[in-house]
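Participant: Pasting in a structure now, in structure tokens, and then I'll have a few things to ask.
Read-outs throughout are calculated quantities, based only on the coordinates presented, and are distinct from any laboratory measurement. Values in this document were obtained by computation on a predicted structure and should not be read as measured data. Methodologically, a virtual Cβ is constructed for each residue, glycine included, from the backbone with ideal geometry; neighbour enumeration extends over all protein chains shown.
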Amino acid sequence: MIRFNEILDKISPLYSENEIKILQKAYVFAAQAHKGQIRRSGEPYLSHPLEVANMLADMKLDVTTLTAGLLHDVLEDTDVTAPELKQAFGADIFHLVEGVTKISLVQESTPEIRHEETIRKIILAMTDDLRVIFIKLVDRIHNLQTLKHLDEKKQKRIAKETLELYSPIANRLGMGRIKAELEDLSFRYVDPENFFKITSLIDPLRKEAEKGLENIRNKIEALMEESHIKAKIFYRIKRPYSIYNKMKRRNISFDEVYDFMALRLFTESVEQCYSALGVIHQHFTHIPFRFRDFIAMPKPNLYQALHTTIITEKKQNMEIQIRTYYMHDLAENGIAAHWKYKESHPQDIMKEDKRLQWLREMVELYKEQKSPREFLKSIKTDLIPEEVYVFTPKGKVIALPLGATVLDFAFKIHTEIGLHSAEAKIDGKSASLKTVLKPGNIVEIKTSGKKNPARAWLNVTFTSNARHHIKRWLSQQEKIKNTAIGKELWKKESVKYRIPSAKLKEKHLLGRISEKCNFKVKKIEDFYALIGFGKIIINRKLVQKFFPQETLSDKKKPRINKIVTKVTKKPRPAIQVKGTAEDSVNLAKCCSPIKGEPIIGYITSGKGIHVHARRCPYIRKEILVSQRIVDATWDDTGKGLYKGMLGIECEDLPGVLAKLTAAIAQLKGNISKANVDTTAGHKGQIKLTLMIRDIKHLEKIIKKISEIKEIYLVERI
């Protein structure tokens, strides 16, 4: 555990006496607030904020950030209130601490929603002051360093989130050292099998590799000295996660990782970088397709260096990275390398720094996104590294993530070009809009005013920017269509119930809608759109609500119809749906959700709400219109039977089916349908349709079936 005095010794030369006093005050405040609290590791809780402050000090950040680092958990984990903290340390420090504090009190929300809301809160706080994410990143590093004290499920969840969110954020900010530490610490918990496999391959080679690196370094140092180039050379062995990621991404073996061994050559100027490259290429054979000039064409996070791969005397591949000392500082610490608040206000840096362009665009694009889950999903997509560099016909470089298509390219150029893309050419040849782009492609887009987005475009776009604009356009068109449908429906129903024309005037009607319904409408078109959309269903009950003084009449149904309706009416599923006036709720047939599993509601015009399981392919592939999706939860008081389908692989032996049905019957499951088939190799394939009480009932049945020795596989279909 680091001590506060050690941090003071480290920072004293950098800060004024008054700044040191603020930090000392924060230390005393945090020590009192966390008094008596113990971490899972057995250490005093104060050890955590001290470690966070120490890492921030290593990054040479300002005293405001260090102070907030010491205090970052007091609002979340102690009795300290927001007004107390603000009064004690001022608005700047309070806003940084508040920015990294988890959302814990959201009424009627699940832990998942609270978690997603917290992530959205942190991302939005970054746009006001980027120091929020500096604190969060080092907070995450220390939590990962002590992750072994948590249970396996939490270990995996935290590590997985780090690789999906925090590590990519560090990468976008150019903070290579932080990114590397986050990745390697997480790798061990996310995929322990591959972690130990990769490390077991590295360890036997390390000693020999370092010997080879030392030998090449000495030779290159001598060459630099002969050429009068001032340079320092260091070497490194590629990190386990970086090796694994490259093997997985490029589908290659460990032996094919060219940059397993690498030298880093630092010079004082760009000119010396190119001179050093020339000397190296004169004396060593290099692999042409492995040369990359990131000085002339920096990465989106402003990373700059020359990368070349040489073949050593022992026929080994070795990467050499050539950069200036300034470039190295930026590569290691990114935007934090020159985060100087004494010269610039945080908002000024946010507006000026090119590395934050992605953040500005992303937040502007998704600040209207009401669903925290969709917001988080969009962010993760946007954070995928942009590693494909393609060109416009005029030579402009466009950076896109792996998997991006021609349509993604079109939207990256301009929204209107994307929306009206008609044809494309890649390297002078006609190509489909769904073609996945490769590095170096020259892409030309032809537009047409007659061409508009189709919902199928969502299946061939990868970037969230393109998908967002396609969805927005489709939503606007749907609103126009729904307004026309709603107007016609309202006209028809008002005639049906013989509502006096005086009561149908816009001003009178709008007042009734606002007064009697939960929907806020500013103009009559909004009301029509809600009807056409399916959020408002016009029936006698609603019309009576609007016009309680009127005696409504409509064509009476024959008595036989009423009897049939009463007999055949299905019981409402045990589901609660928010955000709609509709009472008609049905389970979607495409995925047949089972009570207890995660669900969402989907509004269908004129047909009420269909409830889908979140695993439904229509949901996962975002085929459904997001604006029609509403929150839905199971009502624990409701009872009933639900349909579940299982796919089973087993040995083709007598008696297996009997064992299977006996196991299901033992747990009071009911088989409503069974299909049995055999395949080559004496294997049987069985598809069962069961009627069960809830998802836990189905899980018990799956577990019971899995225990039959002749069964190979049981999965839900």
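Participant: Extension gain ILE252-ALA296, at 0.36 nm per residue separation less the Cα-Cα distance, in nm? Display every interim value, and only then the final one.
Facilitator: Values: separation 44, 0.36 × 44 = 15.84 nm, distance 2.87 nm.
Gain on extension, ILE252 to ALA296, equals 13.0 nm.
Participant: Cα gyration tensor of segment 257-334, axes a ≥ b ≥ c as square roots of the eigenvalues: rounded (a/c below 1.5), prolate (a/b > b/c) or oblate? Before the final figure, lay out the partial values.
Facilitator: Details: a/c = 1.95, a/b = 1.56, b/c = 1.25.
Since a/c reaches 1.5 and a/b is larger than b/c, the shape of segment 257-334 is classed as prolate.
Participant: What's the FRET efficiency of TYR325 with GLN282 using the Cβ-Cβ distance as r and R₀ = 22 Å, to the nearest 0.05? Before the final figure, lay out each step's value.
Facilitator: Working: r = 24 Å, r/R0 = 1.09.
The calculated FRET efficiency here is 0.35.
Participant: So if each residue of separation counts as 0.36 nm, and I subtract the Cα-Cα distance between LYS446 and ARG512, what length gain in nm does that give?
Facilitator: Details: separation 66, 0.36 × 66 = 23.76 nm, distance 4.97 nm.
Value of the extension gain: 18.8 nm.
Participant: Of ILE701, HIS682, TYR642, which is farthest along the charge dipole of segment 642-716 in the positive direction, counting Lys and Arg as +1 and Asp and Glu as -1 at C-beta?
Facilitator: The Cα lying farthest towards the positive end belongs to TYR642.
Participant: Right, another one. Distance in nm between label sites at THR435 and ARG40, each 7 Å beyond Cα in the beta-carbon direction?
Facilitator: 5.0 nm
Participant: How would LEU75, LEU660 line up from fewest to most surrounding beta-carbon atoms within 10 angstrom? Could the numbers behind the result be given before it?
Facilitator: Working: LEU75 21, LEU660 25.
The most exposed by this proxy come first: LEU75, LEU660.
Participant: Same structure, new question: With the crude spin-label approximation of a point 7 Å out along Cα→Cβ, what separation in nm comes out for ASN218 versus GLN666?
Facilitator: Distance between the two pseudo-spin positions: 7.1 nm.
Participant: Compute the distance in nm between two label points, each set 7 Å from the Cα along the Cα-to-Cβ direction, one at SER706 and one at ALA454.
Facilitator: 4.2 nm
Participant: Taking every DSSP beta bridge with both residues inside segment 193-335, roughly what % is antiparallel (nearest 5)? Intermediate values should be presented prior to the final figure.
Facilitator: Numbers: 16 of 22 bridges.
Close to 75 percent.
Participant: With a 10 Å Cβ neighbour count serving as the proxy for reagent exposure, in which order, fewest first, do SER16, SER494 appear?
Facilitator: Fewest to most other Cβ atoms nearby, the residues stand as SER16, SER494.
Participant: Among ALA125, VAL521, LEU400, pick out the residue whose Cα is farthest towards the positive end of the charge dipole of the chain, where Lys and Arg carry +1 and Asp and Glu carry -1 on C-beta, about the Cα centre.
Facilitator: Farthest along the dipole direction, towards plus: VAL521.
Participant: Sort CYS273, CYS591 so the one with the fewest other Cβ atoms within 10 Å of its own Cβ comes first. The partial results should precede the final answer.
Facilitator: Numbers: CYS273 24, CYS591 19.
In increasing order of surrounding Cβ atoms, one gets CYS591, CYS273.
Participant: Further question on the same structure: Calculate for the chain the 222 nm mean residue ellipticity that helices alone would give, adding -39,500 (n - 2.57) per DSSP H run of length 4 or more and normalising by residue count, nearest 500 deg cm²/dmol.
Facilitator: Values: 28 runs with 341 residues, N = 717.
That calculation yields -15000 deg cm²/dmol at 222 nm.
Participant: Restricting to bridges with both residues inside the chain, how much of the DSSP beta-bridge set is antiparallel, in percent to the nearest 5? Please report the intermediate quantities before stating the final value.
Facilitator: On the way: 66 of 76 bridges.
Close to 85 percent.
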